[in-house]
Each structure stands twice: as C-alpha cells, then as structure tokens.
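*Asks:* Structure provided below as structure tokens; questions to follow.
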Amino acid sequence: MNEPRDKADKDVLLTAAECAARIGLTVRGLRLYESRGLISPRRTAKSWRLYGAAEISRLHEILALKRMGLSLAQIAKLLEGREIDLDRILAMQQSSILQLRNRADEGLALVHVARLKLSVGGSLSIADLITLAKETNMAEASFDAVAQRRYEQARPRAAIQIDPGLMERYVGHFRFQTGGQVVTITRDGGHLFAKPLGQFASEIYPESEHTFFLKTTAAQITFAVEPDGIANALTLHQGGLTHNATRIDDQQAQDAVTALAKKIDNKTPSPGTEEAIRRLIIQHQQGAVDYAGMSDVMAAVAREQAPAIIAALDLAGGMQTIRFKGVGRDGWDVYDVSFANVDMEWRIILASDGKIDGVLLRSLP
C-alpha cells in the first residue's frame with residue numbers, strides 16, 4: 001500500500017543545490033540566511049546540508065517577509081525564538097494579494113473613465129488629475145507596509161521591569177485624532193492600565209521605557225514623552241495600522257463621558273450614520289466602494305475586508321429595511337438591516353469630519 005502523498009512529501013530531503021534550484025534561490029543565498037541565524041538545515045554524517053518540509057516552510061516565511069520590505073536583520077528579530085507559523089504568513093499573503101487586486105480594479109476603473117472622457121474630446125479636470133495622481137502615489141496605502149506592521153505587532157513579546165515611578169508620566173486621558181475616542185491610562189502601583197471610553201480596562205505591560213503591549217490582543221502603545229517628563233501623546237499600533245492620540249485634561253475627558261452617557265440614554269443616532277450604511281451596502285453590492293468617504297485607517301481596513309463583505313452581501317440578497325436599534329456602550333450606532341435572505345446587525349461610527357471611521361457587521365440568528 002502506497003504512503004499518502006503529503007506524508008511522503010514531508011519525508012523528502014533536498015540538498016542545498018536542489019532546494020535552491022526548486023525555490024529559485026542560490027546556494028549562496030541559503031548560506032547567507034543560515035549565517036544570519038534565520039534557518040538551520042539538517043546535516044548528514046558528512047556535514048552535507050539537507051532541507052525538509054520544516055526548513056522550506058521557514059524559507060517561505062523569510063521570503064514573504066523580504067517581499068514586504070523587511071531587512072534580514074528585522075526578519076531575524078521577528079523570527080527569533082518563534083515557531084514556524086505558516087498559516088499566519090499565508091493569511092497575510094492572501095490579505096495582501098486581495099488588497100492589491102481590489103486596488104488594481106479601482107485604478108483600472110479610474111483610468112478607464114479618464115480615457116473615455118478624452119476619447120470623446122473632453123478634458124480632465126484638476127480634481128480628476130489629483131485623483132489619478134493620488135491613486136498612483138499610494139504611499140501610505142502600501143499593503144506590504146501594512147502587512148509588515150501587522151506581522152511585527154503580532155510577534156511574541158516579553159515584559160520587562162521598569163521603575164514604577166516612571167509610569168506616573170503616562171497617567172491621564174488621551175483623545176484619538178480620528179474618531180475622537182478617548183482612552184484613559186491609570187496606574188495601580190507597578191501596573192498600568194488602558195481603558196477606552198465605554199469599554200473595560202486592560203493591563204498594558206512594559207516592553208521598553210516608553211512602549212507597552214497588551215496580552216489580550218496583538219496591540220502596543222508607544223508614549224511620546226516631552227522634555228518636561230510628561231507624555232503628551234501616544235500611538236496605538238494594531239492591525240498593521242497606527243492611531244495617534246493627544247493628551248486632554250480631566251474636564252474634556254468628563255465632557256466625553258457625559259456626552260456618551262447622554263447619547264446612550266437618549267438613543268440618539270449620530271447624524272448621517274443611517275445614510276452611510278445605506279451607501280456602503282449599495283457600493284459593496286455594485287463593487288465600487290468610495291474609500292475617499294472613510295478615514296485613512298478605516299479605508300485601509302475596508303480594502304482588506306471588501307471581498308468578504310461583498311460575498312456576504314451577495315448571499316444576503318436585496319436590502320429591504322434598516323432600523324436604528326440604539327447606541328452601544330462604546331458610542332457606536334447600532335442598526336438592524338433586513339435583507340431578502342438574512343437579517344444583519346451593523347455598527348458604525350463617524351469621524352468628526354463626517355467620514356466613516358469604523359464599521360462592524362454580523363448576521364443575526
């Protein structure tokens with residue numbers, strides 16, 4: 001009886017020359033990765049290097065991270081003491097490829113419209129040219145950069161000991177520049193906690209004197225300390241993105257708490273949230289999402305999630321009714337949306353400029 005093909009493949013061992021030839025590398029490249037501690041091939045009794053499934057999986061991780069722009073030194077730091085996680089790297093590659101495909105489709109649509117205008121004797125306006133230039137630039141919207149940051153944010157972290165007295169500089173309230181969410185940092189002895197408005201507090205652990213991380217999710221907080229020794233700003237690193245917040249005083253924080261409590265008690269939706277959900281549904285159903293109507297952070301997330309949302313709405317069928325349900329404890333407006341084949345709950349929050357800053361959706365039982 002023959003062995004299963006996948007088991008037989010796992011038992012195959014390749015020499016350095018065979019491995020390099022099949023993957024498209026050079027033996028010299030394999031030796032370089034080995035010298036940097038990135039890979040440790042097995043050895044024969046005569047010290048010949050052999051590469052099996054585990055070594056090739058690690059090579060796949062290395063090559064994927066190189067493709068995202070990381071240096072070998074950065075890759076070594078990320079992979080140090082870390083087991084091979086092929087599913088994580090494949091998920092990251094899948095996300096990157098899907099985003100690139102979506103962005104390419106958007107770019108092709110813009111170029112197609114521009115050429116149509118020119119073909120009938122028209123001209124491109126300043127707004128048209130700016131849109132085309134922005135699409136070409138795509139500096140911050142680099143999907144490889146987002147994927148790289150997401151991978152770095154998800155790496156294992158170890159807490160260190162710092163002087164508890166230093167933690168006092170971080171205590172206070174901070175408001176994020178987009179969305180206006182407020183997070184409060186508190187201290188209890190040698191422990192520091194972060195509590196977003198309307199949510200539970202989570203302990204944050206020191207990774208360095210200015211950088212802390214959460215154990216409950218792959219996220220970190222970096223504090224910017226001024227010469228006076230006080231942190232007047234922080235940056236949240238999560239999901240491959242960064243969110244900046246600046247310090248506010250106690251009265252401003254209390255005003256935010258009061259405003260949220262009033263909104264929840266009155267069950268008052270923010271102006272424009274229902275219309276925004278309707279537009280989002282129609283745009284995804286038509287395959288033409290207006291990312292310009294979103295904050296930069298939300299647009300990056302939306303591009304990644306677009307294929308899944310489009311597939312879900314395709315199965316849901318035509319939209320029938322939308323009903324405001326209330327305000328969540330985090331300040332997001334909650335709507336029940338009925339489709340031909342399913343009922344869904346949509347949660348949404350707008351930034352101060354009216355752009356969509358966050359959307360969550362789920363099917364209802």
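The values are calculated or read from the model by the stated rules, or taken from the named source; none is laboratory data. From a predicted model like this one, the values you see are computed outputs, not experimental measurements. Using ideal geometry, Cβ is built from the backbone for each residue, glycine included, and neighbour counts are taken over all protein chains shown. Heads up: the accessible areas ignore ligands, DNA and RNA and are worked out on the full protein's heavy atoms, side chains in. Shrake-Rupley method; radii C 1.70, N 1.55, O 1.52, S 1.80 Å.
*Asks:* Does the stretch 306-326 include one or more residues that are closer than 30 Å to Ala233 by Cβ and either open to solvent by less than 30 Å² (accessible area, probe 1.4 Å) or of a type outside the set (A, V, I, L, M) (or both)?
*Replies:* no
*Asks:* Still on this model: How many residues are assigned to a loop (DSSP other than H, G, I, E, B), surrounded by 17 or more Cβ atoms within 10 Å (Cβ to Cβ) and over 22 Å from the mean Cα position of the chain (by Cα) if we restrict to the stretch 163-197?
*Replies:* Count: 0.
*Asks:* Which one of these is within 25 Å of Ala300 (Cβ to Cβ) and at pLDDT 75 or above: Arg67, Arg150, Arg157, Arg115?
*Replies:* Sole residue among the options that is within 25 Å of Ala300 (Cβ to Cβ) and at pLDDT 75 or above: Arg157.
*Asks:* Just to be sure, is Leu32 among the aliphatic types (A, V, I, L, M) and surrounded by 18 or more Cβ atoms within 10 Å (Cβ to Cβ)?
*Replies:* no
*Asks:* Take the residues of the stretch 198-232 that are within 21 Å of Met298 (Cα to Cα) and touching a residue at least 40 places away in the same chain (Cβ under 8 Å): which is most open to solvent (accessible area, probe 1.4 Å)?
*Replies:* Top of the filtered list is Gln199.
*Asks:* Six or more apart or on different chains, Cβ under 7 Å: which pairs go from a residue in the stretch 253-266 that's within 17 Å of Asp333 (Cβ to Cβ) to one that's open to solvent by less than 40 Å² (accessible area, probe 1.4 Å) and outside any helix (DSSP H, G or I)? Could you list them?
*Replies:* What qualifies is Ala256/Val182; Ala256/Leu197; Leu260/Leu197; Leu260/Gly198; Leu260/Gly331; Lys263/Val327; Lys263/Gly331; Ile264/Val327.
*Asks:* Restricting the search to the stretch 224-256, which residues are touching a helix residue (DSSP H, G or I) at 6+ places or on another chain (Cβ under 7 Å) and in a loop (DSSP other than H, G, I, E, B)?
*Replies:* Within the stretch 224-256, Gly229, Ile230, Gly239, Gly240 meet the criteria.
*Asks:* Go through the stretch 198-221 and give me each residue that's over 21 Å from the mean Cα position of the chain (by Cα), at pLDDT 90 or above and of a type in the set (Gly, Ala, Ser).
*Replies:* Within the stretch 198-221, Ala201, Ser208 qualify.
*Asks:* Considering every residue within the stretch 46-63, establish whether at least one is of a type in the set (Asp, Glu), within 13 Å of Ile23 (Cβ to Cβ) and open to solvent by less than 50 Å² (accessible area, probe 1.4 Å).
*Replies:* yes
*Asks:* Let me confirm something: among Ile204, Ile160, Ile221, which residue is of a type outside the set (Phe, Trp, Tyr), in a loop (DSSP other than H, G, I, E, B), on the phi < 0 side of the Ramachandran plot and out of contact with any His (no Cβ under 6 Å at 6 or more places or on another chain)?
*Replies:* Exactly one of Ile204, Ile160, Ile221 is of a type outside the set (Phe, Trp, Tyr), in a loop (DSSP other than H, G, I, E, B), on the phi < 0 side of the Ramachandran plot and out of contact with any His (no Cβ under 6 Å at 6 or more places or on another chain), namely Ile160.
*Asks:* May I ask you to say which residue of Ala306, Ala288, Ala276 is in a loop (DSSP other than H, G, I, E, B) and either closer than 30 Å to Val113 by Cα or modelled with pLDDT of 90 or more (or both)?
*Replies:* Step by step, each of Ala306, Ala288, Ala276 is checked, and only Ala288 is in a loop (DSSP other than H, G, I, E, B) and either closer than 30 Å to Val113 by Cα or modelled with pLDDT of 90 or more (or both).
*Asks:* Could you grab me the full set of residues in the stretch 349-360 that are out of contact with any Leu (no Cβ under 8 Å at 6 or more places or on another chain) and open to solvent by less than 60 Å² (accessible area, probe 1.4 Å)?
*Replies:* Ile349, Leu350, Ala351, Gly354, Gly358
*Asks:* Can I ask one more? Could you please give the count of residues in the stretch 327-348 that are farther than 23 Å from Lys267 by Cα and either in contact with a Pro (Cβ under 8 Å, 6 or more places away or on another chain) or loosely packed, with under 14 Cβ neighbours inside 10 Å (or both)?
*Replies:* Residues flagged as farther than 23 Å from Lys267 by Cα and either in contact with a Pro (Cβ under 8 Å, 6 or more places away or on another chain) or loosely packed, with under 14 Cβ neighbours inside 10 Å (or both) within the stretch 327-348 amount to 2.
*Asks:* If you don't mind, another one. I'm checking my understanding of the structure. Among residues of the stretch 283-306 that are touching a strand residue (DSSP E or B) at 6+ places or on another chain (Cβ under 8 Å) and among the hydrophobic types (A, V, I, L, M, F, W, C), which one is nearest to Asn244 (Cα to Cα)?
*Replies:* Filtering first and then ranking leaves Val297.
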